[in-house]
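These notes concern the structure reproduced below.
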């Protein structure tokens, strides 16, 4: 019996749901049920996952003795990545709280403004192995880098159009959160100043949300800032590779 813990941002909820649903080796998925995990749970239920176990609190978790592989997921708020110290403190606290219940932890995060540039030191007190999505020899830059295929693809699009706002499926749903209190109370006026030299919205489709739905969800955003809309295919390869490495490490114990 092995338990993999997953700590992820809301913005990756759909990709994670599809990864979990497609892995036939996962015997049970336990999700800490909060406002943050609502869309992950909704998508798992829509995929008709019968092995779903919802718990209200972490200390309510009891591993399934018949499960060879169980996954426990906690979803954290999307606004954390806007503040380096805040995301570090929140992730370390969540990792330390979850570590007694799991055999290792997979993080649905990248460098996120260099907040996770030294993960070994940052998570030294968790007591379990930590797996972070890697782009060659370094963690992916952020959720965009994760789903666009790494730094080279990311940089290539910025070289093409430096003023690009990247929209992955999670951002296509959560972009209005930029103006919420938890994100920093950014006003529309401030956002327009910040994005004054931007030119386009680039939709990065990973297959978990139809491109037409992504565009519909972000039309208001693009019109608000006067951006043209372009699209390209994304990829879940880095996320899937990290998942496989974490599973292999569990099975090797």
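The values are calculated or read from the model by the stated rules, or taken from the named source; none is laboratory data. A quick note: this is a predicted structure, and the numbers were derived from the prediction, not measured. Glycine gets a Cβ as well: all are built from the backbone with ideal geometry, and neighbour counts include every protein chain shown.
Things to note:
- Residue within the stretch 202-211 that is part of a helix (DSSP H, G or I) and either modelled with pLDDT under 95 or touching a strand residue (DSSP E or B) at 6+ places or on another chain (Cβ under 8 Å) (or both) present: yes
- Residue match in the stretch 152-166 (condition: under 23 Å from residue 14 (Cα atoms), assigned to a helix (DSSP H, G or I), touching a residue at least 24 places away in the same chain (Cβ under 8 Å) and more than 14 Å from the chain's Cα centre (by Cα)): no
- For the stretch 236-246, filtered to residues that are in a helix (DSSP H, G or I) and more than 12 Å from residue 129 (Cα to Cα), the residue that is farthest from the chain's Cα centre (by Cα) is 244.
- Checking 65, 100 one by one, the residue that is exposed (fewer than 15 other Cβ atoms within 10 Å of the Cβ) and at pLDDT 95 or above is 100 and no other.
- The set of residues in the stretch 68-97 that are part of a loop (DSSP other than H, G, I, E, B) and surrounded by fewer than 15 Cβ atoms within 10 Å (Cβ to Cβ) contains only 68.
- Those residues of the stretch 167-201 which are free of Cβ contacts under 8 Å to residues at least 60 places away in the same chain, in contact with a strand residue (DSSP E or B) (Cβ under 8 Å, 6 or more places away or on another chain) and part of a loop (DSSP other than H, G, I, E, B), in sequence order: 195, 198, 199
- Selected residue (criterion: nearest to the chain's Cα centre (by Cα)) from residues of the stretch 98-135 that are in a strand (DSSP E or B) and within 19 Å of residue 2 (Cα to Cα): 107
- Of the residues 135, 103, the single one that is in contact (Cβ under 8 Å) with a residue 40 or more places away in the chain, in the same structural domain as residue 79 (by TED's automatic domain parsing), under 16 Å from residue 236 (Cβ atoms) and in contact with a helix residue (DSSP H, G or I) (Cβ under 7 Å, 6 or more places away or on another chain) is 135.
- Residues located in the stretch 16-57, provided they are in contact (Cβ under 8 Å) with a residue 24 or more places away in the chain and in a helix (DSSP H, G or I): 16, 17, 18, 19, 20, 21, 39, 40, 43, 44
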